[in-house]
1. If you count only protein heavy atoms and use a 1.4 Å probe, how large is the accessible surface of Lys416, to the nearest 10 Å²?
2. Ranked by accessible surface with a 1.4 Å probe, highest first, in what order do Glu69, Glu447 come?
3. Starting from 0.36 nm per residue, how many nanometres of slack lie between Gln66 and Phe481 once their C-alpha separation is accounted for?
4. Keeping all protein chains in place and using 1.4 angstrom, which order do Met158, Met224 fall into by accessible surface area, from largest down?
5. Please work out how much accessible surface Thr474 shows to a 1.4 Å probe, ignoring ligands, DNA and RNA, in Å² rounded to 10.
6. Work out the FRET efficiency for Asp460 and Asn163 from their Cβ-Cβ distance, taking R0 = 60 Å, and round it to the nearest 0.05.
7. If you count only protein heavy atoms and use a 1.4 Å probe, how large is the accessible surface of Asp482, to the nearest 10 Å²?
8. What whole-number distance in Å separates the alpha-carbon centres of region 189-211 and region 462-484?
Amino acid sequence: LCRGDSQLCSQKAAVYSLDVEANPPERIFKLIDQVNPSIFCIHATNYKQALYLKTPEIPTAENFDQLLEKFGGASFRAEPDSWDLDTDAQNLPEANETSRYEYGDPVQTEDAFLRLPSPVVSSWCSDANPAGFLVNQATKCIRSVSVEKCDSIQALSMLFYINSSILASVFQVNITVQSIVVQSVNGMRTLLSSSDVLRLPMVLDELCINAVLGVNYHITHTDMGEIIEAAAAFVLGAISKEALSIEQSFEISFTQENTQPVPLSGNPGYVVGLPVRAGFQPQGYPFPAAFLFAALALSSNKHSQLTILQSTSTQDCLAAQGARAPVLFGYNMISGCKLRITAAMKCQLLAQTLLDVLKGQSFPEYVASFGNSQAQDVLDWVPITQLHISEQMISYTLQSSCQIPVSLGIEVKWTKYGSLVNPQARIVNVTATITTTTLKQLPSGRERIIPVTSSVVFTDISSPAEPSYKAWPTINIKLPFDFFYPFV
């Protein structure tokens, strides 16, 4: 039996046999179709070079320099442009005429695909890694360099990363230069005021300047998966003559059109130490349709995080307005300040001021149950239950008593969700309790200092983990009505 690759779904196989009954015995040859029963098989191959082994070229005095240039580096490979792809597969309408990308699809350009260099087998850079749509990646790899030839090394030039346009629906999207940061030999970085000037690597005073040390791609797309913008931020540096290699870093991120990029706090479950993500209910929407807070004084809350009062060095509540600290998942926190009450203060204004100090000027109404909950997934958001508790009465200069808030306690209940091997942290309940104090008359000229506190407590309410197994499948057999005919 003689056959090719055993991973093919269907292939021709040559069968040789010997007929011993014949006189004299003769050899029999048959060509049969052999089918691979596995569902994980190769239906078609378009990489012709993988179907056979090429005899290595023997080094001689004539071809030694050519082989040294091709294989003399720290790593070598077949460039994507040199792959002998099947022309039929190359001309598929889905490859060049598609208007929408799906998750994980390679981002195609006019010549091949958007390259995101990364280490493959070793730490050396390989340019054959395509960037996947909506797949945020960050890679680092080592690139072999030579200062004398740095102007001819493509991977050190900005053109290598922006000279190809990305294929979109009816037009091609050019990759624009968003920013350029220049790094000196000692590591100091300077942001250039203009990114319109293309800086190419060149040799100057035994240094290779304007060499690409890092590239950060940012792709903007529509909700239908169409790429509309592409930008690249570069870090250019100088390479000394003694350096034989450099480390390059590459990153790519995707943002939907007309949305703000929001950092995640886990994927999917929360990670200890990352902020608890929160949202509010916009007017006219029954559920949180956006992440962003209406943060007037809360500039630190730009990423829609659940926050609490941040303590200051003076411990003055009136001076602490607007100072907030993000609530970090799994960290029990407590903060506070002190309020000096005088006879000149008005109760209602004081109560509203303290409420703003404790809750902030826009307290959220929902908390994301998972670290990667999306705004459109309304079931992945947990409403915050707000409670009010009254404490003891203290004196105050007023004709009638009033109440002021003195503490805010947030309890976050979470549970382990998902696989027993890799459970994910999921928030299931959030309760915010405001404790108020009733104030009454105080003798004239007297003052009182009231402590105001804010705290967060995380409670694990997970049930004991128990392994479970899927039920055995049942076979629903239905026989035709005349199956036993004519016996029955």
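The values are calculated or read from the model by the stated rules, or taken from the named source; none is laboratory data. This is a predicted model, so every value here is computed, not measured. Positions of Cβ are backbone-derived with ideal geometry, glycine not excepted, and every protein chain shown enters the neighbour counts. Accessible surface areas use protein heavy atoms only, side chains included; no ligands, DNA or RNA. Shrake-Rupley method; radii C 1.70, N 1.55, O 1.52, S 1.80 Å.
1. Estimated to the nearest 10 Å², Lys416 gives 120 Å².
2. Glu69, Glu447
3. On the way: separation 415, 0.36 × 415 = 149.40 nm, distance 7.76 nm.
Between Gln66 and Phe481, full extension yields 141.6 nm more.
4. On the way: Met158 0, Met224 95 Å².
Sorted descending by solvent-accessible area, the residues read Met224, Met158.
5. It works out to around 130 Å².
6. Numbers: r = 53 Å, r/R0 = 0.89.
After rounding to 0.05, the efficiency reads 0.65.
7. For Asp482, the solvent-accessible surface is approximately 80 Å².
8. So the two Cα centres are separated by 67 Å.
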